[in-house]
Each structure stands twice: as C-alpha cells, then as structure tokens.
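The values are calculated or read from the model by the stated rules, or taken from the named source; none is laboratory data. In this text, all values refer to a predicted model and were calculated from it rather than measured experimentally. No Cβ is skipped: glycine too gets one built from the backbone with ideal geometry, and neighbour counts run over all protein chains shown. Areas reflect the complete protein model, heavy atoms only, side chains present, ligands, DNA and RNA absent. Shrake-Rupley method; radii C 1.70, N 1.55, O 1.52, S 1.80 Å.
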Amino acid sequence: MKINKIEKIKGILNLPGDKSISHRAIMFASLAKGRSVIKGLLRAEDIFSTINCFENLGCKIVEKNDELIINGMGFKRFKTPQSPLDCGNSGTTTRLISGILAAQDFNSILFGDKSLSKRPMKRIIEPLMLMGARVKYSNDYKLPLEIIGGSQLKAIEYRMPVASAQVKSCILLAGLHIDEKTIIYESQPTRNHTEKMLALNTNFVDGNTKIEVSSKNYPVGKEYIIPSDISSAAFFIVLALCLKNSELIIKNVSLNNSRTGIIDLLVKMGGNIEIQRKENIAGEDFGDISIKSSNLKNVDIPKSLIPNIIDEIPILSVAGFFAEGNFKINYSEELRHKESDRINSLCENFRAVGCSVEEYPDGFEIINKKSNQNALIQSFNDHRIAMAFSIFGMISNCQIEIDSTESIKISNPEFYTQLKQIVS
Ligand code: S3P
C-alpha cells in the first residue's frame, strides 16, 4: 500500500465502537441469563474472535438491525465447546475468557494466531492458580492453554504486579463466580471498563485502587450502548493536529478518564482539542471532540500516564516526530508484549524513514528527525503500527509504502474509508 501526502482534512466523523467495551459487552451479555441487546458494537476481527468463542460455548448470538442480540447462558451454564477456542489475534479475548472458563465445569483449550501465541500468559495463569484453577501450560507459559474445569475457586486478595486491565479483568471475571469477596489492589490505575460495566465497588486506599468483586456482581441481561473508540480516534486527532488548515469533529467518543490520557497529553503539547459535549451512559463518559491544526511541542511523558496511553503510543510517537524537539518515551516495557514488540517496530520504522533512534529496554528516543527518503514500512502484522505509519505518510514528504495493511481489520476495517471522507 502506497501512502500519499495530503494537504488538509475537514469534516465530521463517526467512528466504530470501543474495542475494550465491545469485548466486555459480549462477555457480560453471554454470562447473564436471558436477553441482552448491544448497540454500537465494533465490527472488527478481534470482536469476531470473542463472538466465535461464546458461540462455541453455546450462546445464541444474532445480529438484527445493526444490533447484537445475545441470549446469555446464566451462572456456570456454558456448554462444553465443540472444538478448541480460537482467540485469533486478541489478547483481551484470551485473558478475559480464561477467568470465565476457570469457573466452569468442563475442560477447554485456548489457542491463537502466531502473534498471540508469543504473548505472555503467566500473568493470568499465576493468579488463576492462586484462586484454585487448574491450568495446563507449556514451559514458556504461552498459548495454547488448557483450562481444566470443575475446580472449586476461592476468593483471593491480589496486588497487581503488572499494570494490566486484561489481567485485572481476568481475575474479576473468575471472582464473579465466587460468593466470597475477591479483592484486587492496583498501584497504577488501568482502564476500568470492567469495574464500570459490572458496577463494582472501588475505593482509593493507601495510594492503591482497591476493587472488590463477588457473585453478587454477576451480570443480568440488559441493553448496552457503546461509544466510539478513543484509540481509533487518536489516529485522526493526530492527523488533524499535524496538517495545516485542518478541522475535524469526531462524534460520540469514549471519554472514560482511564483512557483520555492521549487527549491530555496532546493538549499539553499545544494541541487545539476541545470536548464539545459530554454525556454519561452506564458510568461511561463520552462526547464530541473538535480538533484544529496546531503547532505541537514535545513534552515529558510521565510514568504515571503510561497505562492510560498504552495503545496510543504508536500514533503519539508520530505526533512527536512532527512536533518541535525530540520525542522520547520510557517506562513502557509493556509495549514489547503487544500485537508486535511495539518498541522495536516503531524504532525500525523511524529508522527506515531516515531518523536516528536510540532504543531502550522500556522505550525509545527519536534523535535526528529526518524524513527525506522513500521508505518501506514494516507493519509487523500489527494494526496500530500500520495505521500510525499510514498517518505518518499523509503528513510527511517521505514516500511511504507499507508492506501490509491486512492487520488493520483487527480494530478498524473502515480506516481508509473514514480517511477518504475527510480528505479535502
Ligand atoms: C485492554 C487492555 C490493554 C490494551 C488492550 C486492551 C483491555 O492491555 O493494551 O488493547 O481491553 O482490557 P493490558 O491490559 O494487557 O495492558
């Protein structure tokens, strides 16, 4: 795919549903006994992986008039899967469903694609085993995993060793099947959609977020309304900021404050971004965002912000490339465990466009910003790398070619169509 420089963008965009909330809505609707209706669901490969897994566990899921209708199974009523559960490329599907499967009475096997099979699972295996789950895994703690059913799970108190909403949610979903209270302490807050959607009790205690869950929080059938994904919006926000004479409005974007770090940071960098309207449905904030061309300056990125912006770092580094001063990020070792090793993927590609880059174990710095050559970008089959460098190519004078844009279907299959709508 060749990407050409564009002059400006203008318009109003409606983007697809939030990926994290979409996964959870399908899971909670499948757990609940009875009917749920999901509006605004993301239609993308990762979400299809979650849908397929729950269909394989016996759930009836149908699409009608743009809504997803799920007839949920009820407490511990899933059926023995007909075949191993295919989680595709999706870490969220794998880690969250593991918490649910640990509490069922049957055995299940989880597997995924090449990228997912390289990602760490020890982080969920350990707390699940502390809860009494039985898991069969290979020496390297990677997929495939076999979760043995029929275990009597027990409540635990758990201090999160990594800042991970997926691990936290895995434990919370297992905890939903236990009468006693499971308690999690998080020293670095991560996205809190599971807590909001299950209306869990959370408090701030001695610098930690304390989250409590028990079978009392088990979901019931209901209507879910999903706002647009701020992680998908971030690509368009950066494009509008970095091009001259551009103006963009993105409607109904999720503004949950465990996800809005990217907006705060871009505003700190000098970005002209305004929230025009803010509403709240079922605990989740959302609203319209207006963005205008701006002169950006790089700023320090504090450690405390990293979990909040973890998925936006690829596109943030593109904004950092076009901003005044050097772009530098640290404290982001977790990026090495995403759909690709994103620190390495970003360094390789900034080098390919002509920059000098210093790579650290937990981040990188773009030292000499140059983009005067033709560059072949490697997506590393990672959707956020392919989209970040598509945006790069639309802003820079560099002739960009991307080896493959296939992976974009993981989170936003309509990405290029949406771009065409606003190029003027
Ligand atoms: C997600 C949590 C994050 C994020 C991922 C989605 C979620 O992963 O990177 O894209 O929906 O809980 P970690 O929690 O592993 O950091």
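Having 2 or more residues that are surrounded by fewer than 14 Cβ atoms within 10 Å (Cβ to Cβ), at pLDDT below 95 and within 22 Å of the chain's Cα centre (by Cα) is the bar; report the strands (runs of 3 or more DSSP E) wholly within the range 1-94 that clear it.
In the range 1-94, there are no strands (runs of 3 or more DSSP E) which contain 2 or more residues that are surrounded by fewer than 14 Cβ atoms within 10 Å (Cβ to Cβ), at pLDDT below 95 and within 22 Å of the chain's Cα centre (by Cα).
When Lys328, Lys297 are checked against the criterion of being more than 27 Å from Thr92 (Cα to Cα), away from the ligand (no atom under 16 Å from the Cβ) and surrounded by fewer than 16 Cβ atoms within 10 Å (Cβ to Cβ), a single residue qualifies: Lys297. The number of residues in the range 177-202 that are of a type in the set (A, V, I, L, M) and more than 16 Å from the ligand (Cβ to nearest atom) comes to 3. Within the range 390-418, the set of residues being touching a Leu at 6+ places or on another chain (Cβ under 9 Å) and of a type in the set (A, V, I, L, M, F, W, C) comprises Ile391, Met394, Ile395, Ile400, Ile402.
Restricting to the range 265-283, what's the tally of residues that are within 24 Å of Gln188 (Cα to Cα), touching a helix residue (DSSP H, G or I) at 6+ places or on another chain (Cβ under 8 Å) and modelled with pLDDT of 95 or more? Total meeting the criteria: 3.
Inspect the range 203-224 for any residue being within 15 Å of the ligand (Cβ to nearest atom), in a helix (DSSP H, G or I), closer than 24 Å to Pro161 by Cβ and touching a residue at least 12 places away in the same chain (Cβ under 8 Å) and give the result as yes or no. No, the range 203-224 has no match at all.
Checking the range 113-126 against the condition returns a match, with at least one residue being within 16 Å of the ligand (Cβ to nearest atom) and more than 20 Å from the chain's Cα centre (by Cα). Of all residues in the range 142-167, those satisfying the criterion of being within 16 Å of the ligand (Cβ to nearest atom) and polar (S, T, N, Q) are Ser164, Gln166.
Just give me the residues in the range 321-341 being aromatic (Phe, Trp, Tyr) and closer than 22 Å to Gly393 by Cβ, in sequence order. Of everything in the range 321-341, those that are aromatic (Phe, Trp, Tyr) and closer than 22 Å to Gly393 by Cβ turn out to be Phe321, Phe322, Phe327.
Yes/no matrix, rows are residues, columns are (1) more than 18 Å from the chain's Cα centre (by Cα); (2) assigned to a helix (DSSP H, G or I):
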position	(1), (2)
Phe236	no, yes
Ala240	yes, yes
Asn245	yes, no
Val253	no, no
Leu266	yes, yes
Ile273	yes, no
Gln276	yes, no
Asn280	yes, no
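Which of the residues belonging to the range 158-194 are out of contact with any strand residue (DSSP E or B) (no Cβ under 7 Å at 6 or more places or on another chain), β-branched (Val, Ile, Thr) and either under 22 Å from Phe75 (Cα atoms) or open to solvent by less than 20 Å² (accessible area, probe 1.4 Å) (or both)? Val167, Ile178, Thr190, Thr194, listed by residue number. Within the range 363-394, the residues that satisfy the criterion of being among the polar types (S, T, N, Q) and open to solvent by 10 Å² or more (accessible area, probe 1.4 Å) are Asn368, Ser371, Asn372, Gln373, Asn374, Gln378, Asn381. Residues that are within 26 Å of Lys142 (Cα to Cα) and surrounded by 18 or more Cβ atoms within 10 Å (Cβ to Cβ) within the range 335-362 comprise Leu335, Lys338, Glu339, Ser340, Arg342, Ile343, Ser345, Leu346, Cys347, listed in sequence order.
Results for (1) in contact (Cβ under 8 Å) with a residue 24 or more places away in the chain; (2) under 30 Å from Lys370 (Cβ atoms), shown as yes or no for each residue.
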{"residue": "Ile263", "(1), (2)": "yes, yes"}
{"residue": "Val267", "(1), (2)": "no, yes"}
{"residue": "Ile281", "(1), (2)": "yes, no"}
{"residue": "Asp288", "(1), (2)": "yes, no"}
{"residue": "Ile291", "(1), (2)": "yes, yes"}
{"residue": "Ile306", "(1), (2)": "yes, yes"}
{"residue": "Phe322", "(1), (2)": "yes, yes"}
{"residue": "Asn330", "(1), (2)": "yes, yes"}
{"residue": "Glu339", "(1), (2)": "yes, yes"}
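Taken over the range 406-424, the criterion of being under 21 Å from the mean Cα position of the chain (by Cα), closer than 19 Å to Leu13 by Cβ and open to solvent by 10 Å² or more (accessible area, probe 1.4 Å) is satisfied by Lys409, Pro413, Glu414, Tyr416, Gln418.
Do we have Ser258 as within 16 Å of the ligand (Cβ to nearest atom) and not in a helix (DSSP H, G or I) here?
yes
A count restricted to the range 99-157 and to residues that are among the polar types (S, T, N, Q), modelled with pLDDT of 95 or more and open to solvent by less than 60 Å² (accessible area, probe 1.4 Å) stands at 5.
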